[in-house]
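Contents: one structure, followed by commentary.
The values are calculated or read from the model by the stated rules, or taken from the named source; none is laboratory data. Because the structure is predicted, anything quoted here is derived from the model rather than measured. Don't worry about glycine lacking a Cβ; one is built from the backbone with ideal geometry, like all the others, and counts go over all protein chains shown. Note: accessible area is taken over every heavy atom of the protein model, side chains too, but ligands, DNA and RNA are not part of it. Shrake-Rupley method; radii C 1.70, N 1.55, O 1.52, S 1.80 Å.
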Amino acid sequence: MVLTPLTACMWYMEDGSCYPRDANAHLCTQGFTTEECHFLTERLNKDLSIKSRVVHKKDKPLIFIGSNAYFDFINTIKPEIRWKCFQYKVDTATYS
């Protein structure tokens, strides 16, 4: 399995949350096991050079992309967005 910019984009558009003011994003993976989430963070790092980590919210795993990788992640997936209605998820103008 290889994670491509397009698959990461589709994943983020469907199950991602953006926090541009803080320059971070979450991939909602609460339906996965912690081990599966670690596998996915490894794919993000190996295939796309995106550093991420698994955090837990209400005892459920969530993939967190912090400020050290946020802009790299956005720049990787932004060219893959096909619909204007999702542009807000890659708009970094509110970063402060």
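A few comments on the model shown:
- Reported count of residues in region 24-57, each being closer than 15 Å to Tyr12 by Cα and hydrophobic (A, V, I, L, M, F, W, C), is 8.
- Candidates in region 21-36 are the residues that are of a type outside the set (Lys, Arg) and more than 12 Å from the chain's Cα centre (by Cα); of these, the one that is least open to solvent (accessible area, probe 1.4 Å) is Thr34.
- Screening Lys60 with (1) in contact with a Ser or Thr (Cβ under 7 Å, 6 or more places away or on another chain); (2) over 16 Å from Glu14 (Cα atoms); (3) of a type outside the set (Val, Ile, Thr) gives one miss only, at (1).
- If only residues of region 42-63 that are over 12 Å from Phe73 (Cβ atoms) and β-branched (Val, Ile, Thr) are counted, the one that is farthest from the chain's Cα centre (by Cα) is Val55.
- Residue pairs whose Cβ atoms lie under 8 Å apart, separated by 6 or more positions or on different chains, with the first residue in region 56-75 and of a type in the set (A, V, I, L, M) and at pLDDT below 95 and the second in a helix (DSSP H, G or I) and open to solvent by less than 10 Å² (accessible area, probe 1.4 Å), are Ile74/Val90.
- Looking only at region 37-49, and only at residues there that are under 22 Å from Thr92 (Cβ atoms) and in contact (Cβ under 8 Å) with a residue 40 or more places away in the chain, the one that is most open to solvent (accessible area, probe 1.4 Å): Leu48
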